[in-house]
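In what follows, a single structure is set out as structure tokens and then discussed.
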Ligand SMILES: [Zn+2]
């Protein structure tokens, strides 16, 4: 055994094992150490986790077993991370079609459920186990802390409230929890002048240390702050999530809140995939929790890993979700691989330079105010995976049509959906249509949100 092997087997691997399945804070402390290990050590840790995941999937997850058996592939044959490329990439459509066959038939079972719409408006019910949740939370805490969004920092979440309608007891518990953590929540869905002015008033009364927000929401807020000349607060750190952050958005946010602007990239399927550090030179990948491949596809010689500076499909393997293993899952996003040099912050985790996609168009409410498209589209997720695909359209006369690919929608569900949408857009005509399919746009895409002009 070479020196690395010894280090891994005697020191790193036991530490990794101890960390597995433990509460979030212990995992967080672990991740704060691993982020500065050498890349070889990190890759060795990934390889160990990958082999355990593949072994579990081979024995206990019917869909993965079927694929591996048909390929003559056995987890014991995996000697390097590159060997994983023998396993084909899985799409959302395949996951939808195979459903239960992707769930583990042995512990740990997938006890947590969540719906996602991805970027194509095709809802998918995903699941994961408790241990994966611990990893997700710890990974998120670490990435957010790079932006200064630590537990205990006074934080304004300018975020989508969506459809959450918990019981009174649950609401009281959430309120208490947020007060203890010094967190405030403001719904970013509606962004008319009066809405933005109200947020500005709140910021002036008690400026937070950190704003965590949908990227487009805080960019709109920032432009409003600049237009009003309203800034009277010291620098506020801004963590942008859920949507793409364009350079002009970042520039506006810097003017309104100061230079500490951080982009993050995640998905509902696997949570935080990458986050920006204080060096502001791309986003570090969450490589202890996820094996992320950026793959250039469609070339005559076949798929290949992107080189630094190249753009490719984001393919993730969720190393700690045994309940519903995501192995080489195509997120539907494209990302550009960062430079192959060490970041000025000293962390070794590789970086992506940018993520494409993740942008939805913005609606107008009855009074002409801006309404977040991503948040509006997320309201449809409350219907679950009965909906095969969906799209929201705002016509030239501002009326809204919600297209759902499903045989029919019970009147009660339709009334709830319309009520939720109306909360954001006000008194505009809203129509729900059940259709057989949603046609592709002239560019060959099927966007979540279409604004007719
Ligand atoms: Zn860095």
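The values are calculated or read from the model by the stated rules, or taken from the named source; none is laboratory data. Note that this is a predicted model, so its numbers are computed, not measured. When we count neighbours, we look across all protein chains shown, and the Cβ atoms used for this are built from the backbone with ideal geometry, even at glycine.
Table for the structure above
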quantity: Considering residues of region 45-93 that are touching a strand residue (DSSP E or B) at 6+ places or on another chain (Cβ under 9 Å) and free of Cβ contacts under 8 Å to residues at least 24 places away in the same chain only, the residue surrounded by the most Cβ atoms within 10 Å (Cβ to Cβ); calculated: 67
quantity: Failed criterion for residue 414 (all others in (1) closer than 19 Å to residue 120 by Cβ; (2) surrounded by 17 or more Cβ atoms within 10 Å (Cβ to Cβ) hold); calculated: (1)
quantity: Hits in region 414-435 - residues which are part of a strand (DSSP E or B) and closer than 19 Å to residue 373 by Cβ; calculated: 430, 431, 432, 433
quantity: Residues satisfying the stated conditions in region 265-281, i.e. in contact with a helix residue (DSSP H, G or I) (Cβ under 6 Å, 6 or more places away or on another chain) and assigned to a strand (DSSP E or B); calculated: 271, 272, 275
quantity: Candidates 272, 349, 319, 337 - the one that is touching a strand residue (DSSP E or B) at 6+ places or on another chain (Cβ under 8 Å) and more than 16 Å from the ligand (Cβ to nearest atom); calculated: 319
quantity: Any hit, region 137-145, residues being out of contact with any helix residue (DSSP H, G or I) (no Cβ under 6 Å at 6 or more places or on another chain), in a helix (DSSP H, G or I) and more than 16 Å from the ligand (Cβ to nearest atom); calculated: yes
quantity: Unique match (being in a loop (DSSP other than H, G, I, E, B) and surrounded by fewer than 17 Cβ atoms within 10 Å (Cβ to Cβ)) among 152, 148, 121; calculated: 152
quantity: Cβ-Cβ under 9 Å pairs, at least 6 apart or on other chains, region 344-359 side farther than 13 Å from residue 294 by Cβ, far side in a strand (DSSP E or B) and near the ligand (Cβ under 7 Å from one of its atoms); calculated: 345/284; 347/284; 348/284; 349/284
quantity: Selection status of residue 193, crowded, with 16+ Cβ neighbours inside 10 Å and outside the structural domain of residue 371 (by TED's automatic domain parsing); calculated: no
quantity: So residue 317, is it part of a strand (DSSP E or B) and closer than 20 Å to residue 53 by Cβ; calculated: yes
quantity: Qualifying residue in region 258-268 (condition: surrounded by fewer than 18 Cβ atoms within 10 Å (Cβ to Cβ) and either within 13 Å of the ligand (Cβ to nearest atom) or over 30 Å from residue 206 (Cα atoms) (or both)); calculated: yes
quantity: Qualifying residue in region 381-401 (condition: surrounded by 18 or more Cβ atoms within 10 Å (Cβ to Cβ), out of contact with any strand residue (DSSP E or B) (no Cβ under 7 Å at 6 or more places or on another chain) and either closer than 21 Å to residue 115 by Cα or outside the structural domain of residue 195 (by TED's automatic domain parsing) (or both)); calculated: yes
quantity: Of the criteria (1) more than 16 Å from the ligand (Cβ to nearest atom); (2) in contact with a strand residue (DSSP E or B) (Cβ under 9 Å, 6 or more places away or on another chain), which one residue 230 fails; calculated: (2)
quantity: Condition met for residue 438 (part of a loop (DSSP other than H, G, I, E, B), in contact with a strand residue (DSSP E or B) (Cβ under 7 Å, 6 or more places away or on another chain) and either farther than 30 Å from residue 291 by Cβ or outside the structural domain of residue 314 (by TED's automatic domain parsing) (or both)); calculated: yes
quantity: Top-ranked residue in region 282-305 [being assigned to a loop (DSSP other than H, G, I, E, B) and at pLDDT below 95; ranked as farthest from the ligand (Cβ to nearest atom)]; calculated: 300
quantity: Unique residue being part of a loop (DSSP other than H, G, I, E, B) and either modelled with pLDDT of 95 or more or out of contact with any helix residue (DSSP H, G or I) (no Cβ under 7 Å at 6 or more places or on another chain) (or both) when the list is 171, 204, 231; calculated: 231
